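The values are calculated or read from the model by the stated rules, or taken from the named source; none is laboratory data. These figures come from a predicted structure and were not determined experimentally. Cβ: placed from backbone, ideal geometry, glycine included. Neighbour counts: every protein chain shown. SASA here: full protein model, heavy atoms, side chains in, ligands and nucleic acids out. Shrake-Rupley method; radii C 1.70, N 1.55, O 1.52, S 1.80 Å.
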Amino acid sequence: MEKITFATQLLQYLITGLTIGSIYAMVALGFIIIYNVTEIINFAQGEFVVLGGLVMVVFHVSAGLPLVIAFPATVVLVMLVGILLDRLAIRPIRKPSVLTLIIATIAASILMKGVAMVIWGKDPFDLQAFSGRDPISFFGAIIQPQYLWVIGFLILITISLSIFFNSTIIGKAMRACADNPDAASLVGIDTKKMILLSFALSAAIGAIAGIIVTPISLMEYDRGVSLAIKGFGAAILGGLGSFPGAILGGLIMGTIESFGAGLISSAYKDAFALIVLLAVLFFKPSGLLGSVEISKMKRF
Amino acid sequence: MVQELKFQVRESLEKNILEVEQVAMAFGGLMALINQNFRVKKGIIKAIIGPNGAGKTTLFNVITGFFPPTEGTIRFKGQAIEHLKAHDIASRGLSRTFQTVELFDNMTVLENVMVGCHTRIRSSFLATGFKLPQVKRKENKIKEKAMDILEFINLKDKFNEPADSLPLGEQKLLEIGRGLATQPDLLCLDEPVAGLNETETQVASSLIRLIREKGITVLLVEHDMKVVMDLSDEIMVLNYGEKIAEGPPEQVQNDPKVIEAYLGGED
């Protein structure tokens, strides 16, 4: 047994923080994808994560499907939920203001939470870790293999998104929609289709976050709100609308939370991240990587 | 009689790319356009002129589907389009630019034109999502096409610069280039030389002429009379939402109604 020094303890907090921060970053990315195309803050984003975890439990544990099938199946199913959210809650609203649409997403999130409670009950569910739970020792700190999966998936998602938005014509069309909707429809881009796509994409990322975090922290029906708040905080912290900002914001939130819980008290773990968020808003309201110019132009 | 009518219809189809019939547009009680009837012949440059507030931009917005007209029919290549959405009309080959430049500011010059090519590639999301080599090939093809267009509008050297860093004159050219990328049959230009200096105006004018030579019909709203008289094959004059004259430049220039409403006062 190695001696636990203060340094290894700090390393341990850092690793845990980066892991949970990766999840926040994924939630923040989900927020931003929809926000950039529509200016809507989708408060049902946390519900996508919850659904990802819970649906995966059904497919993988209850139905016994192997991981490689259950994983994509879950993502596709949650994507469908995202598409339904757009078709049933967002698109039918006549003469929508951004605020009305945001309230619609809050309603949808309450509804989804209720349905999840009816289906899965109030108990938390566990999921097998992808490659076992034998901890890996790293300079005295203990790393669960699942942590590596989480961080790895964040990297994978980041690379895929950057390829999608920078190098495919559909990704460019989506960015064009966010940039200037009038000009986008002028070159033949169907903005409604792009909004639908943004919801599907966000849902998929939420589902992935839910699937990979469940083996670490379990999953229950009402976790969506706190995940949404942390993810939203991460997006604001990084500068709402900026992809690198969302990732950085998420990692910072997670790390602060982990250090705060470890060094001060875990009872206030939610407060630390939010205090930092408030401080950023006081001193640099556009966020770490957001530009002041852009934040002035935004309606929300 | 019927035969004659049919013949007329066919003939008009062959000759006219755009037919506007009985179109009216009201904003609340304000009639922005009153009983508009006109045709745009294939392959020409037609200018719409008129004093400020005459309804020129409104007419563009109605034709390109940004507002549905209160009344009337608009036929493009023989098909009614007045009920279609802007993106649908654009993908049928009717493109436009805006009075105030509307580019994708956060994208590069090249990307702006590439997005313009979007309409001409019909690919499903799943196909682009999972077949990377194919995506790459398609992407390269689009890039080549976009570079050709940049060469045509003389912006090839600046392909990698952010669109909002260009001077106004080049932003206007880029907007035309993006319009061309949709491979239009009819290109509507809303004040293409407004705010440009003498040299930039000449560049834009000769570009518009080149576009006509490529067989693309051009419909033009412009205040610069020199450019209008110089470029247009046909001119239509609006005043208070109504057409007051239409014809070749010399004829319109000498029309007493036009002189009274528009050219009057000053000279």
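The table below lists the values:
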| item | result |
| --- | --- |
| Cα-based reach from A:Lys113 at 18 Å (exclusive), listing lysines while leaving out same-chain residues under 8 positions away | A:Lys122, A:Lys230 |
| Whole-angstrom gap from the range A:36-55 to the range B:146-190, using each part's C-alpha centre | 38 |
| By accessible area with a 1.4 Å probe, ligands and nucleic acids excluded, highest first: order of B:Thr100, B:Thr64 | B:Thr100, B:Thr64 |
| Net charge of Cβ neighbours under 15 Å - reference B:Gly72; Lys, Arg +1; Asp, Glu -1 | -2 |
| Centroid-to-centroid separation of the range B:59-105 and the range A:150-229 [C-alpha atoms, Å] | 31 |
| Positive minus negative residues near B:Val227 (Lys, Arg vs Asp, Glu; Cβ under 15 Å) | -3 |
| Whole-Å semi-axes of the ellipsoid equivalent to chain B (Cα gyration tensor, √5λ, descending) | 33, 24, 17 |
| Rounded to the nearest 10 Å², the accessible area of B:Asp148 at probe 1.4 Å | 100 |
| Area accessible to solvent at A:Ser258, 1.4 Å probe radius, in Å² | 20 |
| Cα centre as origin, Lys/Arg/Asp/Glu Cβ charges: the range A:6-296 dipole, Debye | 480 |
| With all protein chains modelled, accessible area of B:Phe27 [1.4 Å, Å²] | 80 |
| Size of the A/B contact, given as accessible area buried on both chains, probe 1.4 Å, in Å² | 2400 |
| Proximal aspartates and glutamates to A:Lys284, defined as alpha-carbon separation beneath 14 angstrom and excluding residues fewer than eight positions away on the same chain | A:Glu293 |
| Volume in Å³ per residue [convex hull over Cα atoms, computed for the range A:198-282] | 105 |
| Per-residue average of Cβ from other chains inside 10 Å of B:105-118 | 5 |
| Rg/Rh ratio calculated on Cα atoms of the range B:200-267 (Kirkwood radius) | 1.00 |
| Rounded to 10°, Cα long-axis angle of helix A:191-217 versus longest principal axis of chain A | 10 |
| Between 0 and 90°, nearest 10: helix A:6-38 axis offset from chain A longest Cα axis | 10 |
| Largest to smallest principal axis extent of the C-alpha atoms in the range A:6-296, angstrom | 59, 49, 35 |
| Dipole of the protein assembly as shown [Lys/Arg +1, Asp/Glu -1 at C-beta], most positive-end residue of B:Leu173, A:Val280, A:Ala129 | A:Ala129 |
| Inter-site label distance for B:Gln251 and B:Met31 at 7 Å from Cα along Cβ, in nm | 2.5 |
| Partner lysines for B:Lys145 [C-alpha distance under 17 Å; skip if fewer than 8 residues away on the same chain] | A:Lys172, B:Lys136, B:Lys156, B:Lys158, B:Lys214 |
| Solvent exposure ordering (accessible area, 1.4 Å, most first) of A:Tyr268, B:Tyr240, A:Tyr221 | B:Tyr240, A:Tyr268, A:Tyr221 |
| Filter on B:Lys41/B:Lys77; A:Lys193/B:Lys85; B:Lys56/B:Lys243; A:Lys193/B:Lys172 - keep pairs with C-alpha separation over 20 Å | A:Lys193/B:Lys172 |
| Mean separation of Cα contacts under 8 Å (6+ apart) over length of chain A, as relative contact order % | 36 |
| Equivalent ellipsoid, the protein assembly as shown (semi-axes from 5 times Cα gyration tensor eigenvalues, Å) | 55, 24, 21 |
| Inter-chain Cβ neighbour average for residues B:90-99, partner chain, 10 Å | 3 |
| Rounded to 5, the percent of DSSP beta bridges in the protein assembly as shown classed as antiparallel | 60 |
| Ranked order, A:Val225, A:Val55 - accessible area, probe 1.4 Å, largest first | A:Val225, A:Val55 |
| Dipole magnitude of the protein assembly as shown about its Cα centre (Cβ charges: Lys, Arg +1; Asp, Glu -1), debye to nearest 20 | 1720 |
| C-alpha long axis of helix A:45-56 to longest principal axis of chain A, angle in ° | 60 |
| Cα-based convex hull, the range A:102-257, per residue volume (Å³, whole number) | 142 |
| Ordering of A:101-114, A:24-37 by packing [mean C-beta count within 10 Å, highest first] | A:24-37, A:101-114 |
| Residue-averaged [θ]222 nm for the protein assembly as shown, counting only DSSP H segments that reach four residues, each worth -39500 (n - 2.57) | -18000 deg cm²/dmol |
